[in-house]
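Student: Before I ask anything, let me first share the structure, which is written out below as structure tokens.
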Protein chains: 4
Amino acid sequence: MAYKPGRHFLQLPGPTNVPDRVLRAMDTPTIDHRGPEFPDLTGEVIAGLKGVFGTKSDAFIFPASGSGMWEAALVNTLSPGDAVLAFDQGFFSAGWQNLATKMGLVVHSMPGDWRRALNAGILEEKLAEDTEHAYKAVLAVHNETSTGVTSDIGAVGKALRTTDHPALLMVDAVSSLGSMDFQHDEWHVDVTISGSQKGLMLPPGLGFNAVSEKALKAASDSTLPSAYWDWRAMKSFNDDGFFPYTPATNMLFGLRESLRMLREEGLSNVYARHARLAEATRRAVEAWGFQLYAERANERSDTVSAVLMQGEITADDFRRTVLDRFNMSLGGGLGRLRGQIFRIGHLGDFNELMLAGTLCGIELGFRVMDVPFRDAGIEAALSYLAETQ
Amino acid sequence: MAYKPGRHFLQLPGPTNVPDRVLRAMDTPTIDHRGPEFPDLTGEVIAGLKGVFGTKSDAFIFPASGSGMWEAALVNTLSPGDAVLAFDQGFFSAGWQNLATKMGLVVHSMPGDWRRALNAGILEEKLAEDTEHAYKAVLAVHNETSTGVTSDIGAVGKALRTTDHPALLMVDAVSSLGSMDFQHDEWHVDVTISGSQKGLMLPPGLGFNAVSEKALKAASDSTLPSAYWDWRAMKSFNDDGFFPYTPATNMLFGLRESLRMLREEGLSNVYARHARLAEATRRAVEAWGFQLYAERANERSDTVSAVLMQGEITADDFRRTVLDRFNMSLGGGLGRLRGQIFRIGHLGDFNELMLAGTLCGIELGFRVMDVPFRDAGIEAALSYLAETQ
Amino acid sequence: MAYKPGRHFLQLPGPTNVPDRVLRAMDTPTIDHRGPEFPDLTGEVIAGLKGVFGTKSDAFIFPASGSGMWEAALVNTLSPGDAVLAFDQGFFSAGWQNLATKMGLVVHSMPGDWRRALNAGILEEKLAEDTEHAYKAVLAVHNETSTGVTSDIGAVGKALRTTDHPALLMVDAVSSLGSMDFQHDEWHVDVTISGSQKGLMLPPGLGFNAVSEKALKAASDSTLPSAYWDWRAMKSFNDDGFFPYTPATNMLFGLRESLRMLREEGLSNVYARHARLAEATRRAVEAWGFQLYAERANERSDTVSAVLMQGEITADDFRRTVLDRFNMSLGGGLGRLRGQIFRIGHLGDFNELMLAGTLCGIELGFRVMDVPFRDAGIEAALSYLAETQ
Amino acid sequence: MAYKPGRHFLQLPGPTNVPDRVLRAMDTPTIDHRGPEFPDLTGEVIAGLKGVFGTKSDAFIFPASGSGMWEAALVNTLSPGDAVLAFDQGFFSAGWQNLATKMGLVVHSMPGDWRRALNAGILEEKLAEDTEHAYKAVLAVHNETSTGVTSDIGAVGKALRTTDHPALLMVDAVSSLGSMDFQHDEWHVDVTISGSQKGLMLPPGLGFNAVSEKALKAASDSTLPSAYWDWRAMKSFNDDGFFPYTPATNMLFGLRESLRMLREEGLSNVYARHARLAEATRRAVEAWGFQLYAERANERSDTVSAVLMQGEITADDFRRTVLDRFNMSLGGGLGRLRGQIFRIGHLGDFNELMLAGTLCGIELGFRVMDVPFRDAGIEAALSYLAETQ
């Protein structure tokens, strides 16, 4: 492939720009996964992950994508025909529900507006009505990557406790973990799903489950078949520092490094950085005269901003131009949003000048495609960044 | 961790020593898995894999370990309660059978001798008796990593055709693929299982299935729940150059490089190299006065040699000494062979001098632990290597 | 050192941002510099360098900095007490003259204005007066890295030919080679000096001399002592593909890769890219209301722009703030320009969005330090970039 | 280039096998050599080097090969026409003397036997005779890389003190530093010369001088022209953590890492390891029935063993066969030893199994070329290694 000068801007909501430290850490000879050095690695990455999840119970690591972890959450805890309640939040919440249906579960999807956060009130009603406890699990997405809308998972956990409903709370935190505050224990989540290629700054290839004691207990009664995803086998090996089958060792080297980087920066600083860069992004978008797909200010994601393209040019043509001419990858609209939005990933190993380059790349796209815009976007972002330094 | 001088000898039967070219290929910025560059990558690795499998039908790549691919083979093709026939070949054949049982299948295990290859004659009898076609699949291991015994998969395929039995033939080629001749189509295999960290010279983290048309058709009737492992979704995305969920992009970069390396060397040269280095290993072992666990010469693996330790010193103490003092990892006995054998991996990115270092490391272990041996092993190996140059 | 999120912007006029391809190429096992593989490497890098220099005569590579190559140019061709003519162009032209004096030469420095290009007319007068041919060499800087002023080297060569003066023309092209058009042969240059860490996109550590036949002949009569820098020994080894002493092998791996990248892009595209990014930079600077140190539009460098800071805040305080708060390194004023200017490097592996990030980083610096500026700079740059796409 | 399976054995007496940790350290973005981070790097590498040299005075680092540092030693301290005394030790001692002559010095070479260490007694006589103190410097090689003979530098220093002669003692420690004990201060050395690509485990490209106070003082009176090599400029910048011209930053990253590795292992352990691996090599050579070029046991180098080839096959044909067939680079005979010896490098990042592979590679060469040998070499080495574990 011919050389394209300069650095590619990978401004997807994941995979994110993998920092050199992580790539170097992965560029290391593989070691014996049954040897005496391995438990130190296992111990460090699991402890680090638990810190990021905000849990004192268990965190498991699989060689898998995030969608594998959706499956892992379900097969470990549920049985064929079990009913689960879910929210209509966007493309990925729909994907998870499809997967659940494929796995033989009965999914009750509560209506929702993709431009809004989930409605914990409706959930509470549904749970209150379910006096037989037919619903075995509630599936929620913390940060819907396809829409840029963040939901209040604490409120979901509260609805379950208020109604004293025994369903397990399962949460997709794929595009929030490591970038936005997440509190598995405090929010009473039973299973959290995440992956390596977003806030954890790794290439794709590792999936994570944080698992409450209650969820682990449910695994004893679950009858969905499960072997690869089996938490209990995983736990019994992990406790000695090993894995029940060959783990993705070099990805674990990368994870160890990225967890060290998060610790060096400090999680609260990491979250504040994401919030500030996201706000700068939003200010640029609005100053340009564009709408964010997420309607309400307090529901807008700190990791991804979806922007509506309402003129004649489709968001996909726009993205293609930005990629071809300015060497930047933006996210596209998924499912029914195809062509209507583009998504800016502003997460992971990211800073002010990378964001500035990203925003300028978008404006350059507007300019070369004659998309109408007000040229106040960049200054709005810079002004905010300078004020909040 | 303190510096241990010099290169570690990772002489497991996998993970193997990852060549620098592969590590460097992985040490590259992640790209957009939905972008226009991706189909070239997808196309090249799938075409390359099909060549190594010896198939013109399909090959699928999952972010998974090899054992995940065992599961993928089963859930795509079978239904709860289906009967499968399997051979008692060693620790990994047993592992696959356990997994099948966990997935809700009924496993009929034909008795076997771990020191010997599978017996295709017994299979033929079993299949002939099964006039109702109760057995839906036959599970066989090509190269049992735990014993160093290679079986004749062509003969297994022939038994199915001789008896005109419709069961699917599923073969674990985890530790043979890319190192020993394997012919998915010619041997009439329906599903072949493999992984990245052996002959394909990658770190662990990718799993592969080669899938015959017949197996793909079976996927339409299978009722075992399956989403992550779903071949049909995989195929429909792969056909356009993409994946149904985020693939392990940087591992695919490594796979592209390792497939190029195999092509540069030429597969027949790769197999001849493994055969020659394996024979040198066997000559050393026997000249030292040790027994290979694999009883018959023509069944001995070209990728791993298991050596019986019969004196007072356990194989695990021996391995620990070799690791601590000479910085080499050897494989141990698994399951009921624990402590009785050590296994020498001689596969992947491997050459004469690496083998010589490996064999000398073993002899040094004998010497420092006062294990009785005849000091003719190294010369036997070198003499063979020189003659066959 | 604690993790600083995101990528550092290394916007010096060198070292420049080393592309991943070059870093990976260097991250390769060292090979035998006297072995049979080496001549291919030597041949490829020397041929590639000659292309970039625009010469059919010789190009030599030393493990050295650029200033070492100043010394190499002098000691190979001159004798103690020789007179040389030089221009007062800036910090680096002064540095070279100091070095020449240290080496025992007599330097006649023609007066110059650092904000302007060299004056070939004055040179012509000096040469015309020198009927005895006392001047043995003329030293000129093509692109003065300290001021951002580019001079017309063709005009210098012409002055020598017009006056039929036998002095050798020696040119420093450290910060122009590989980024701006340079024609060693066509411009009648005798020795061109350059280094690895600017347009050639390598880390520092290699120095280059392009050498005309005339200069090589002069080496026979030169009596300045010289061994390490000896071109003739270098040439006699290079002709066989080797080096007279151990070369910096892994740096040569990087050089091979960077020369391939320049060839892939095409040198004329490389120069056009630098010109365009430089013009965008200049438009931003002027739209902000700042002065470029280089007074005349047609003398402004395409690799580095020096900006005058005229208020209360020194350029060095400004740079320190930009580094501390926005993780970008800018060049400072050198020598008598210390504190008065900052220099923006816009060369090497560089593209529109990296430039945009760079310019935004400067504006953020203005904002947080309350440096007065007009907020039209970024839009001026983007507008130009969009128009010229 | 087509893939050659397995790792290359680079068993030259330099460059040596660069460890992954060092290559990774170099594979890091270049930083601003005038920025605030740089002094930490400068300080750490200079302090570390001083420890390895055994000096409390100065150590300087140049972007250069080892032969550049020969030149640096001379031009900093001497004046045209100065007389220097030198030993006839081998190819590199001759090279240094040629260089000194080229630089305008008058070299008095004391006769020597290349198979023997230098004779400090003859030196003492020469110095005693030199009552006028005509000799300004004594040049000695600690470990002659071309012959594998190590000399007693302490005895040389003593000869100077015994005769109360003011000449500077300059020592080439290129292939001993970091592998064999060296004591710049204790042995009263004035200038020690070394480079990066041997015991310091880096690629070539950095040169070092350790400099006594007396030598630094001599620099004030020296009239050999010198700019690039100027210690005093170097010292004045180094004292603030910087360099007088752009240093080879990424090589310094590698040096920092290799110095950390030496410290982790402990210098005395490093030396003991080299001595032990060297002794094993010598035992193999003698048990094979070959002669070491170094005649006396106590003068044999711990970093390189030169082996005499006395039959019909030249050492160069032998080396070429070993390279072509077994992927190992050995050193050849240099100058008048061309074709008569091969040299085994056993230094740097090296351990028992790498040595075993190396020795087996040599024996394989003997076997395929029908070089007569006794097959007791490998066992002799292994037996020694096991006994001394």
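Student: Could you work out how much longer the chain between A:Ser236 and A:Glu37 gets when fully extended? Use 0.36 nm per residue separation minus the Cα distance between them, nm to one decimal.
Tutor: Working: separation 199, 0.36 × 199 = 71.64 nm, distance 1.82 nm.
Gain on stretching A:Ser236 to A:Glu37: 69.8 nm.
Student: Related question: At a 1.4 Å probe radius, carbon and sulfur cover how many percent of the accessible area of region C:145-289? Mind showing how you got there, number by number?
Tutor: Details: 1950 of 4200 Å².
Carbon and sulfur atoms account for 47 percent of the accessible area of region C:145-289.
Student: Specify which residue in the list C:Ala380, C:Ala315, C:His346 is farthest towards the positive end of the charge dipole of region C:302-389, using unit charges on the beta carbon of Lys, Arg (+1) and Asp, Glu (-1), about the Cα centre.
Tutor: Value computed over the given set: C:Ala315.
Student: Based on the Kirkwood radius over alpha-carbon pairs, what value in µm²/s does the Stokes-Einstein equation return for the translational diffusion coefficient of region A:56-132 at 4 °C and 1.567 mPa s? Provide the component values of the computation, followed by the final result.
Tutor: On the way: Rh = 13.9 Å.
In µm²/s, the coefficient is 93.
Student: For B:Thr101 and B:Asp164, what is the calculated FRET efficiency with R₀ set at 35 Å and r taken between the beta-carbons, to the nearest 0.05? Walk me through the numbers on the way to the answer.
Tutor: Numbers: r = 28 Å, r/R0 = 0.79.
Efficiency, rounded to the nearest 0.05: 0.80.
Student: Let me ask you something else. D:Lys235 accessible area, nearest 10 Å², 1.4 Å probe?
Tutor: Approximately 60 Å² of D:Lys235 is accessible to the 1.4 Å probe.
Student: Mind ordering A:273-286, B:171-184 by average Cβ neighbours within 10 Å, highest first?
Tutor: Working: A:273-286: 22.5, B:171-184: 26.9.
Most protected by this proxy first, the peptides run B:171-184, A:273-286.
Student: Tally the DSSP beta bridges in chain D and give the antiparallel ones as a percent, rounded to 5.
Tutor: Working: 22 of 42 bridges.
Expressed as a percentage, antiparallel bridges in chain D total about 50.
Student: Now for a separate question. Please report the antiparallel percentage of DSSP beta bridges with both residues in the protein assembly as shown, rounded to the nearest 5.
Tutor: Details: 88 of 170 bridges.
Expressed as a percentage, antiparallel bridges in the protein assembly as shown total about 50.
Student: So, one more: Relative to the longest principal axis of chain B, what angle (0 to 90°, nearest 10) does the C-alpha long axis of helix B:153-162 take?
Tutor: Roughly 40 degrees between the two axes.
Student: With the label 7 angstrom out along Cα to Cβ, how close does B:Gln310 come to the same site in each of the other copies, in nm, nearest first?
Tutor: Nearest to farthest, the other copies are at 4.5, 8.5, 9.6 nm.
Student: To continue, here is another question. As a quick test, which of the pairs B:Lys102/B:Lys158; C:Lys235/D:Lys102; A:Lys158/A:Lys217 have an alpha carbon distance above 25 angstrom in this structure? Spell out each step's value before the answer.
Tutor: Working: B:Lys102/B:Lys158 29 Å; C:Lys235/D:Lys102 17 Å; A:Lys158/A:Lys217 21 Å.
Long pairs (Cα-Cα over 25 Å): B:Lys102/B:Lys158.
Student: Right, another one. Measuring from a point 7 Å out along Cα→Cβ, what nm distances, shortest first, does A:Ser220 have to its partners in the other copies?
Tutor: Going from nearest to farthest copy, the values are 4.4, 8.6, 9.6 nm.
Student: Still on this structure, please answer the following. Pick out, from D:Ser220, D:Leu262, D:Thr281, the residue whose Cα sits farthest towards the positive end of the charge dipole of region D:176-309, with +1 on the Cβ of Lys and Arg and -1 on the Cβ of Asp and Glu.
Tutor: Of the listed residues, the answer is D:Thr281.
Student: A follow-up question, please. To the nearest 100 Å², how much accessible surface do chains A and C cover up together, summed over both, with a 1.4 Å probe?
Tutor: Values: alone 16280 and 16280 Å², together 28780 Å².
What A and C bury together is about 3800 Å².
Student: Something else about it: Sorting C:Glu265, A:Glu213, C:Glu124 by accessible area (1.4 Å probe), largest first, what list results?
Tutor: Details: C:Glu265 25, A:Glu213 135, C:Glu124 70 Å².
Result of the area sort, largest leading: A:Glu213, C:Glu124, C:Glu265.
Student: Kindly provide the helix-only [θ] at 222 nm of chain A, computed as the sum of -39,500 (n - 2.57) over DSSP H runs of four or more divided by all residues, to the nearest 500 deg cm²/dmol? Could you put the intermediate results ahead of the total?
Tutor: Values: 13 runs with 163 residues, N = 389.
The helix contribution divided over chain A gives -13000 deg cm²/dmol.
Student: Turning to a different aspect of this structure: What is the mean number of Cβ atoms from other protein chains located within 10 Å of the Cβ atom of each residue in peptide B:189-197, rounded to a whole number? It would help to have the intermediate numbers written out before the result.
Tutor: On the way: counts 0, 0, 0, 0, 0, 0, 3, 3, 6.
Mean shielding by partner chains, rounded to a whole number: 1.
Student: Could you work out the mean count of beta carbons from other protein chains within 10 Å of each residue's beta carbon in D:243-255? Could the numbers behind the result be given before it?
Tutor: Numbers: counts 2, 3, 10, 15, 4, 12, 6, 12, 8, 3, 1, 2, 0.
Per residue, the average neighbour count from other chains is 6.
Student: Assuming R0 = 22 Å, can you tell me the calculated FRET efficiency for the pair B:Ala275 and B:Leu308, based on Cβ-Cβ distance, to the nearest 0.05?
Tutor: Working: r = 22 Å, r/R0 = 1.01.
For B:Ala275 and B:Leu308, the calculated efficiency is 0.50.
Student: Whole angstrom only: what separates the Cα centroid of region A:59-87 from the Cα centroid of region A:195-234?
Tutor: Here the answer is 7 Å between Cα centres.
Student: I would also like to ask the following. Need one value for D:366-377: mean number of C-beta atoms belonging to other chains within 10 Å of its residues' C-beta atoms. Spell out each step's value before the answer.
Tutor: Numbers: counts 2, 7, 4, 1, 1, 0, 0, 0, 0, 5, 2, 2.
So the per-residue partner count for this stretch is 2.
Student: Also: May I ask you to report, in nm to one decimal and beginning with the shortest, the distances from A:Ser57 to the same position in the other copies, taking label points 7 Å along Cα-to-Cβ?
Tutor: 4.2, 6.9, 7.9
Student: Separate question: State the answer as a single residue: which of A:Trp96, A:Leu364, A:Leu160 lies farthest towards the positive end of the charge dipole of chain A, with beta carbon charges of +1 for Lys and Arg and -1 for Asp and Glu, about the Cα centre.
Tutor: Looking along the dipole axis, the top candidate is A:Leu364.
Student: Moving on to the next point. The protein assembly as shown: Rg/Rh from Cα coordinates, Kirkwood Rh?
Tutor: Values: Rg = 34.8 Å, Rh = 35.1 Å.
Using only Cα positions, Rg/Rh for the protein assembly as shown is 0.99.
Student: So if I place +1 on the C-beta of Lys and Arg and -1 on the C-beta of Asp and Glu, and nothing else carries charge, what would the dipole magnitude of region C:301-389 be about its Cα centre? I want it in debye, nearest 20.
Tutor: On the way: 8 positive and 12 negative charges, 77 e Å.
With only Lys, Arg, Asp and Glu charged at Cβ, the dipole is about 380 debye.
Student: Can you give the FRET efficiency to the nearest 0.05 for D:Ala2 and B:Ser57, using r as the Cβ-Cβ distance and R₀ = 35 Å? Walk me through the numbers before you get to the answer.
Tutor: Details: r = 30 Å, r/R0 = 0.85.
Using R0 = 35 Å, I get an efficiency of 0.70.
Student: So which aspartates and glutamates pass the test for A:Lys214, namely a Cα distance under 16 Å, with those fewer than 8 places away in the same chain ruled out?
Tutor: Within reach: A:Asp58, A:Asp164, A:Asp185, A:Glu186, A:Asp190, A:Asp230.
Student: Among DSSP beta bridges lying fully in region D:71-195, give the percent that are antiparallel, nearest 5. Don't skip to the answer; put the middle values down first.
Tutor: On the way: 2 of 19 bridges.
Of those bridges, close to 10 percent are antiparallel.
Student: At 7 Å along Cα-to-Cβ for each site, give me the label-to-label distance between D:Asp152 and B:Glu44 in nm.
Tutor: Output for this residue pair reads 6.1 nm.
Student: Along the axis that rotates chain A into chain B, which residue of chain A has the nearest beta-carbon, and what is the gap in whole Å?
Tutor: Result for the A and B rotation: A:Asp27, 2.
Student: Translational D (Stokes-Einstein, µm²/s) of region B:265-389 at 20 °C and 1.002 mPa s when Rh comes from the Kirkwood sum over C-alpha pairs?
Tutor: Details: Rh = 14.6 Å.
Estimated diffusion coefficient is 147 µm²/s.
Student: Please calculate how many Å² of accessible area the protein assembly as shown carries per residue, with a 1.4 Å probe and no DNA, RNA or ligand atoms counted. If you can, show how the numbers build up before the last one.
Tutor: Values: 49320 Å² over 1556 residues.
On a per-residue basis, 32 Å².
Student: For a quick check of your reading of the filter: which GluC sites (Glu not before Pro) in region C:299-361 sit in a DSSP loop and have no more than 16 other Cβ atoms within 10 Å?
Tutor: Working: sites: C:Glu299, C:Glu312, C:Glu352; in loops: C:Glu312.
Answer in residue order: C:Glu312.
Student: Something else about it: Residues of region A:131-167 with the amide nitrogen closer than 17 Å to a label point 7 Å from the Cα of A:Glu295, along Cα-to-Cβ, please.
Tutor: Of the residues in region A:131-167, A:144, A:147-152 have backbone N under 17 Å from the label point off A:Glu295.
Student: Still on this model: At a probe radius of 1.4 Å, what is the per-residue accessible area of B:Tyr384, in Å² to the nearest 10?
Tutor: Ignoring ligands and nucleic acids, B:Tyr384 comes out at about 40 Å².
Student: Oh, and also: What aspartates and glutamates sit close enough to B:Lys4 to cross-link, taking a C-alpha to C-alpha distance under 14 Å and skipping anything fewer than 8 places away on the same chain?
Tutor: A:Glu37, B:Asp324, D:Asp20, D:Glu257, D:Glu264, D:Glu265, D:Asp349, D:Glu352
The values are calculated or read from the model by the stated rules, or taken from the named source; none is laboratory data. What you are looking at is a predicted structure, and each value in this text was computed from that prediction instead of being measured. Positions of Cβ are backbone-derived with ideal geometry, glycine not excepted, and every protein chain shown enters the neighbour counts. Keep in mind that these areas ignore ligands, DNA and RNA; they rest on the heavy atoms of the full protein, side chains included. Shrake-Rupley method; radii C 1.70, N 1.55, O 1.52, S 1.80 Å.
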